[in-house]
1. Can you tell me how many residues within the range 102-125 are part of a loop (DSSP other than H, G, I, E, B), in contact (Cβ under 8 Å) with a residue 24 or more places away in the chain and more than 11 Å from the ligand (Cβ to nearest atom)?
2. For the range 23-43, which residues satisfy the criterion of being under 14 Å from residue 69 (Cα atoms) and among the hydrophobic types (A, V, I, L, M, F, W, C)?
3. Just checking, which of 51, 68 is closer than 28 Å to residue 188 by Cβ, more than 15 Å from the ligand (Cβ to nearest atom) and either part of a helix (DSSP H, G or I) or more than 12 Å from the chain's Cα centre (by Cα) (or both)?
4. Among the residues of the range 82-101 satisfying the criterion of being touching a Leu at 6+ places or on another chain (Cβ under 8 Å) and in contact (Cβ under 8 Å) with a residue 60 or more places away in the chain, which is surrounded by the most Cβ atoms within 10 Å (Cβ to Cβ)?
5. Could you check the range 126-136 and list, in sequence order, the residues that are of a type in the set (D, E, K, R) and either in a strand (DSSP E or B) or over 17 Å from the mean Cα position of the chain (by Cα) (or both)?
Amino acid sequence: MLALQGDTREHVAALREAGAQVSTVRRRSELDTVDGLVIPGGESTAMSHLLRVFDLLDPLRERLAAGLPAYGSCAGMILLATEILDAGEPGREAVPLGGIDMTVRRNAFGRQVDSFEGDIDFEGLDGPAHAVFIRAPWVERVGPEVQVLAQAGEHIVAVRQGAVLATAFHPEMTGDRRVHKLFVDIVAGAV
Ligand code: GLN
């Protein structure tokens, strides 16, 4: 669990309930030991800043490029992109780590409505997922290797490329552990 900023506690609880052994990552030596990484919701600009301060930016990019399984929700989705639109003020902007070949627009839903929730179909889950969106991004472009798992209306809000998963919404804030379970299964190499 990347624990620099954001709603890490909710993710840790959700991951444990989904059967994972969880540790927190704030330094490189910790990053080196994990089999998968969750990047929480929070603020992608602040997390980008802290990744630099903690000397994690390049090591994390390298591990993702080498195939580290990862799951990002909301701000985490933004960081797992290859390109970020409306990334923030130059010098304090959100920086893409790669992981999923996609273009994400930060605060995309936030320009229309600050937060909202609803039930959406999610590929591979048995029945709709309750999705909570908070100043959420959406995905504007996906590369050929990217699988679209969920949409809210016409907007893409959940994707997977190989072992990297991202949702614009926050399953950690609901009691539904199916998305975290999916990620635990991905890390285990089961799906
Ligand atoms: N708007 C936030 C960002 O740009 C994301 C919001 C969230 O994670 N709930 O990082």
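Taken together, the values in this text are just the output of simple stated rules run on the coordinates, not laboratory data. Only a predicted model underlies this, so the values are computations on that prediction, with no experimental measurement involved. Ideal geometry is used to build each Cβ from the backbone, glycine not excepted, and the neighbour counts take in all protein chains shown.
1. Number satisfying all stated conditions: 5.
2. Those that are under 14 Å from residue 69 (Cα atoms) and among the hydrophobic types (A, V, I, L, M, F, W, C): 31, 34, 37, 38, 39.
3. Exactly one of 51, 68 is closer than 28 Å to residue 188 by Cβ, more than 15 Å from the ligand (Cβ to nearest atom) and either part of a helix (DSSP H, G or I) or more than 12 Å from the chain's Cα centre (by Cα) (or both), namely 68.
4. So in the range 82-101, the residues touching a Leu at 6+ places or on another chain (Cβ under 8 Å) come out as 94-100.
When the remaining residues are screened for being in contact (Cβ under 8 Å) with a residue 60 or more places away in the chain, the result is 99-100.
Details: 99: 31, 100: 27.
Ranking the qualifying residues of the range 82-101, first place goes to 99.
5. Selection gives 126 alone.
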